[in-house]
Every structure is written in C-alpha cells, then in structure tokens.
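Undergrad: Okay, here's the structure, questions in a sec.
The values are calculated or read from the model by the stated rules, or taken from the named source; none is laboratory data. None of these values were measured; they are calculated from a predicted model. Methodologically, a virtual Cβ is constructed for each residue, glycine included, from the backbone with ideal geometry; neighbour enumeration extends over all protein chains shown. Note: accessible area is taken over every heavy atom of the protein model, side chains too, but ligands, DNA and RNA are not part of it. Shrake-Rupley method; radii C 1.70, N 1.55, O 1.52, S 1.80 Å.
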Amino acid sequence: MTSIGTTPNPYAQYGSAYARAAATPSLAATLSGDGTAGDLSASATPSAATNLTLSDAARAQLAKTSVKAPLPDFATVTNDARVTLDRLYTVAGVKKPIVDGKTTIDLSTLDRRALFAISTNNGGKFSPDEQAVAATELKQRFDEAMAPSLATTRLTGDYSVSYKAALDYLDGASDEEKATATWASERAAVLKGVQATQQDPNKAPTGITGDPIAAALAGTTPPTTSKPRDFSSVASDVRAFLDRQKSEAAKSGKELVYDSRRKTGQLADLSSLDNRSLSAITLNQDNKFSGEEIFAAKQELNTRTRLAVLDALKQSQSAGDPRQFSLGILKQYSSMSAEERQAANWTQDFQDAAIKSYKSTSTLLSILKS
C-alpha cells in the first residue's frame, strides 16, 4: 500500500512563531513573497516564522474563490428548486420526501437560498413535508458550520470564537432570509453575545433570549448532523471521478496528467473534490490510486492547508489579537475528519500545542492589561 502523510507536519511546532504573532508583517507583505509556504516551526528564524507565502497554485485557488457569479432572482431560485425536487424523486424512485418517518431524498445539492425557498413555501410550490425536510437540512448545515467553533470553545474556554462564527453564518444569509423576523431575532441574540465576549472572551454570555450558542454549548438543542460516508466508498467514488476525467481526455486524444509542468496532456482537475476525498487519494488505503495521483492530491491538500493557516494569520492580524491564530488553527483542526488529519499529519500533539499556545498567550495578555 502506498501512503503519503508520514512526513513531519510543517505547522506542528508553531508555538514559537505564534508567540511572535504580534510582530508579524502585514498580510500584503506576506502575500507578496514567492516560493512555497514558509515554515512555522520553532526552529525557523523570526522572519521565516511569520513570512507565510503562497505558491502559484495557492494564489490561483485564492483567486478562484474570490470570483462571485451574479445571483438569480428569487422566483428563478424557487422554480429551480421545484424542478430539482421532482428530479430527486425520480432518481430515488419515490413520490414523497418522507416515508415512514424517514427522509427519502438527499438535499445536499441544493444551496442555502434554495432550501430557504422550500422551507418557507415560497410561491406555494412546496408541500409541508418538503418544507420540513428543507428546514431540517438548513438546521443541519448551521450545526455543521458551527461544530468546529463550538469544539474550539470547549477546548479553550474562549466563547468569542463561537459567537463570531454564528454571526458570520447569519450574515451569509440571502436578502430574503434576512428579511424574516426569525433571522433578525437570532442575529440580535448572537450580536449581544459577540458584544459580551468583546469585554471578556472567557466568560460565557448569559441572559440572552434565543441565544443559539448558549443552547448548543449547554446541550439543550441537540445538533443535527449527517453521518459521514464510509471512507472506502469515498475512495471508490473518487476513483470513478478520476476515471471519468481520463476517459474524457482520451476522447480528445490526450493523456490525463497530474503535473502542471507537463507540456502535453490534459491536466487533471482536483479542485472540485472536498478534503476528505483528497485524503482518500493521499492515504490510498485500498490501493486504488497511482503514485502521481497520490502526489497531486497531497499537493492540493497542502495548498488548502496553507490557505487555512494564512486565513488564521490574517484573522490574528486584522483583529490585533495574537490569540486568533491559535483559535483559527483549532477551528480548522476541529473541522477535519480523522482521515483528513491523518493525511495532513495534524496529530493530537498538534492540537495540544495549539491549546497550550492559546492559553499561554491569554495569560500574557492578562498580565499586560493588569
């Protein structure tokens, strides 16, 4: 079995670099460098520890994520959602979204705006059961989006990270969702939590009516999460995905290649794969992938890891709070599946180091403020 991911984690001993985060250069200066990602290890020099740079692939990925397509009007979204539901029924061989209390269709292909259209029965096009499954899917997405931040709060005792994440999620709603009383009420509660944590991030906000974060941390609102797919099934799907690309390339008389430096051939596109799928290639537990496929997947994962670390650094700099770097790392760690952590070599020791760094920096900041 071929396996990649046993090399030392380049971020695993970032504590010394983090301690110097308050003296980091501007993000613009960080992005202006060339080459590969800077080493955030304790053995790095002060400049190397904070001068996190991006490869060309990482810059391209960052550019792709910044492009936004124009939004269709809500009537179009509603009509498309109706068509999608009908198609899902046909594929699943069912006529209703709920049978014997169980959901019969998968709504994961619908975006948040489409789910909102269904859950609110926009245009009177959706049945009560369709509204119910869409509302459940929306709740599940909120819970899954919040899970890494809630885990980080439990690890560090910093409540600000969860309230800020909830505020960001709510602010990412469509204009139609923002126009509802439910959204306004929930955002007002979360905003009060954010304001309270700005005074003391390590003190839980209390007495806020309708506070979803307090309820989640107290366990009074059980999270709605989906069960992750079997990892072997993920690997099989990825194998089929790559084989389709190979077949399409062959129809054009080209070879599917995985190295962008190749002068000939059609370059494989791994950008649409999620991190768990890339991990399935990288770990190659079922011997389904070639060495060049494994190497390309590892490179893609490394690019995404650099972007995640860069985002944590950006948050630390923009907030003027060096603790945000550790919080960002911990959120990323908590969002990863066990397979993703193994592929990236983000071990339990890495998480422990981030927690220790957060707590020691908090202590230093408290001393400075006293």
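Undergrad: Can you compute the FRET efficiency between residue 87 and residue 140 using 1/(1 + (r/R0)^6), with r the Cβ-Cβ distance and R0 = 25 Å? Round to the nearest 0.05.
TA: Computed FRET efficiency for residue 87 and residue 140 comes out at 0.75.
Undergrad: Next question, about the same structure. Can you give me the long-range amide H partners of residue 256? Hydrogens built in the peptide plane at 1.01 Å from N, cutoff under 5 Å, separation of 5 or more residues or another chain.
TA: 266
Undergrad: May I pose another question? Counting heavy atoms of the protein chains only and a 1.4 Å probe, report the per residue accessible area for the range 101-191 as a whole number of Å².
TA: Ligands and nucleic acids excluded, the figure is 44 Å² per residue.
Undergrad: Still on this model: At 1.4 Å probe size, with every protein chain present, just tell me what the per residue accessible area of the range 285-324 comes to in Å².
TA: Heavy-atom SASA per residue in the range 285-324 reads 43 Å².
Undergrad: While we're looking at this one, here's another question. If I stretch the segment between residue 195 and residue 285 completely, what's the gain in nm (0.36 nm per residue apart, minus their alpha carbon distance), one decimal?
TA: Using 0.36 nm per residue and subtracting the Cα-Cα distance, I get 27.7 nm.
Undergrad: Tally up the carbon and sulfur contribution to the accessible surface of the range 62-203 as a whole percent, 1.4 Å probe, everything protein left in place.
TA: Using a 1.4 Å probe with all protein chains present, the range 62-203 comes out at 55 percent carbon and sulfur.
Undergrad: With a point put 7 Å past each Cα toward its Cβ, work out how far residue 348 is from residue 243 in nm, to one decimal.
TA: That separation, rounded to one decimal, is 3.8 nm.
Undergrad: In sequence order, what are the phi-derived ³J(HN,Hα) couplings for the range 362-367 according to the Karplus relation 6.51 cos²θ - 1.76 cosθ + 1.60 with θ = phi - 60°, rounded to whole Hz, with x for glycine and proline?
TA: 4, 5, 4, 5, 5, 5
Undergrad: If R0 is 30 Å, what FRET efficiency do you get for residue 261 and residue 338 from their C-beta distance, rounded to 0.05?
TA: 0.35
Undergrad: Show the residues, 5+ positions off or on another chain, whose built amide H is closer than 5 Å to the amide H of residue 98.
TA: Correct list: 104.
Undergrad: In addition: Would you mind calculating the relative contact order of the range 211-370 from Cα pairs under 8 angstrom and at least 6 residues apart, reporting the percent as a whole number?
TA: It rounds to 16 percent for the range 211-370.
Undergrad: Determine the gain in length on full extension of the stretch residue 111-residue 220; use 0.36 nm per residue of separation and subtract their C-alpha separation, reporting nm with one decimal.
TA: Full extension from residue 111 to residue 220 adds 36.5 nm.
Undergrad: Compute the Cα gyration tensor for the range 181-227, then decide on rounded, prolate or oblate, letting a ≥ b ≥ c be the square roots of its eigenvalues: rounded whenever a/c is under 1.5, prolate when a/b is larger than b/c in the other cases, and oblate in all that remain.
TA: In terms of gyration-tensor shape, oblate.
Undergrad: So for the range 256-370, considering every pair of alpha-carbon atoms, how many percent are separated by more than 20 Å?
TA: Across the range 256-370, Cα pairs with separations above 20 Å total 52 percent.
Undergrad: With a cap of 11 neighbouring Cβ atoms within 10 Å, and only residues DSSP puts in a loop, list the trypsin sites (Lys or Arg not before Pro) found in the range 319-370.
TA: Nothing satisfies the criteria.
Undergrad: Consider all pairwise Cα distances in the range 90-167 and report the whole-number % of them above 20 Å.
TA: 45
Undergrad: Suppose a student asked you for the relative contact order of the range 291-366, using Cα pairs under 8 Å spaced at least 6 residues apart; what percent would you report?
TA: Once normalised by length, the contact order is 28 percent.
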